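First the structure, in the form of structure tokens, and then the observations on it.
The values are calculated or read from the model by the stated rules, or taken from the named source; none is laboratory data. Quick caveat, the model's predicted, so the values are computed rather than measured. So basically every Cβ, Gly included, is an ideal-geometry build from the backbone, and we count neighbours across all protein chains shown.
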């Protein structure tokens, strides 16, 4: 079987890496001929990141759209076309519509994967000109035209099932071979590190914890370490920023004593798949997270981590971990076991291969078997 993977970006893009790139070697060992066409190269991803301004967005999204449209010329060579997310935010998904049209005309199966609430508008995003041209049905249009859908969590799967019968949940999975378990004990007088890792667009969620950090810093020797975010300041608290790199990310996570993943109860947040939480847990780092969507599916409160909904809970649970190295170690060990049992790369690989083959999907593996009738016009 030959599969064409259309990712939004290259290996350095976390969604592309965790949803596609990390699986390619395993799929090839299983006899699946997998080829990946990234929307943008590593150079474009680093040089023209959208947060740099409108000119960078124009280059980044323009090249991504062009790459996906050009992929239509090679679809005939493959049995399955795998579309990861949409390459254009907000607007009508012309590149994906063309891919679906060509694949359908050639009799190819189409799989669509999404691991974020890309159908929602971020509460942190500034209003832009592009939002005037928002197509509220952009994601639904593509889901309805595919043979199978892969969703990153049950909330996203519920959205997808409105438009397609063949929906499989494959959570974000971790390559445990990259993650040793944290062993080192803290030296006397050394601050406890409360860590966060993520992309700049998610950093505003960390503002929820500013009063919590300030209260804790008055009682405990702490350092807040931010990996990948920019411009986070918390008066009265020591904050350290480090750039994200693939080669260094695991070592930085291992430098944490506690990991945090705060979220708000919003449509965008409910689409989060708990990647940073799973990264902490894979390294044996105890974590505290907001009880939103996938976080509730990953964490058993008080067993393999803590869930905290309010500032008082955050303070109480962080302080309990800060006071007890033994609790941190025990909770970290249980969190590692959770990832080994439910969120390992091997488990995700088997599910992904099954979807690509059409194994066990309601509606069967026949082309068009998953699509539902939909009352929105075909375009």
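Would you pick out the residues in the stretch 12-32 that are in contact with a helix residue (DSSP H, G or I) (Cβ under 8 Å, 6 or more places away or on another chain) and not in a loop (DSSP other than H, G, I, E, B)? Listed by number, the residues that qualify are 14, 18, 22, 23, 26, 27.
Restricting to the stretch 77-89, name every residue that is surrounded by 18 or more Cβ atoms within 10 Å (Cβ to Cβ) and farther than 15 Å from residue 144 by Cβ.
Hits for the stretch 77-89 are 78, 80, 81, 82, 84, 85, 87, 88, 89.
Within the stretch 290-314, restricting attention to residues that are assigned to a helix (DSSP H, G or I) and crowded, with 19+ Cβ neighbours inside 10 Å, which residue is nearest to the chain's Cα centre (by Cα)? Of everything passing the filter in the stretch 290-314, 294 is nearest to the chain's Cα centre (by Cα). Here is the figure for the stretch 285-311: residues that are touching a residue at least 60 places away in the same chain (Cβ under 8 Å) and touching a strand residue (DSSP E or B) at 6+ places or on another chain (Cβ under 6 Å) total 1.
Tell me whether the stretch 278-291 contains one or more residues that are at pLDDT below 95 and in contact with a helix residue (DSSP H, G or I) (Cβ under 9 Å, 6 or more places away or on another chain). Working first, answer last.
Our first condition is that a residue be at pLDDT below 95; within the stretch 278-291, this holds for none.
No, the stretch 278-291 contains no residue that is at pLDDT below 95 and in contact with a helix residue (DSSP H, G or I) (Cβ under 9 Å, 6 or more places away or on another chain).
Take residue 219 and decide whether it is in contact (Cβ under 8 Å) with a residue 60 or more places away in the chain and touching a strand residue (DSSP E or B) at 6+ places or on another chain (Cβ under 9 Å). First the steps, then the outcome.
Working: in contact (Cβ under 8 Å) with a residue 60 or more places away in the chain: yes; touching a strand residue (DSSP E or B) at 6+ places or on another chain (Cβ under 9 Å): no.
Against the criterion (in contact (Cβ under 8 Å) with a residue 60 or more places away in the chain and touching a strand residue (DSSP E or B) at 6+ places or on another chain (Cβ under 9 Å)), residue 219 does not qualify.
Looking at this structure, is residue 267 surrounded by fewer than 17 Cβ atoms within 10 Å (Cβ to Cβ) and modelled with pLDDT under 95? Full working, then the answer.
Working: surrounded by fewer than 17 Cβ atoms within 10 Å (Cβ to Cβ): yes; modelled with pLDDT under 95: yes.
In short, yes.
Residue-by-condition table, conditions (1) surrounded by fewer than 24 Cβ atoms within 10 Å (Cβ to Cβ); (2) not in a strand (DSSP E or B):
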{"position": "241", "(1), (2)": "yes, no"}
{"position": "245", "(1), (2)": "yes, yes"}
{"position": "272", "(1), (2)": "no, yes"}
{"position": "276", "(1), (2)": "no, yes"}
{"position": "281", "(1), (2)": "no, yes"}
{"position": "285", "(1), (2)": "no, yes"}
{"position": "288", "(1), (2)": "no, no"}
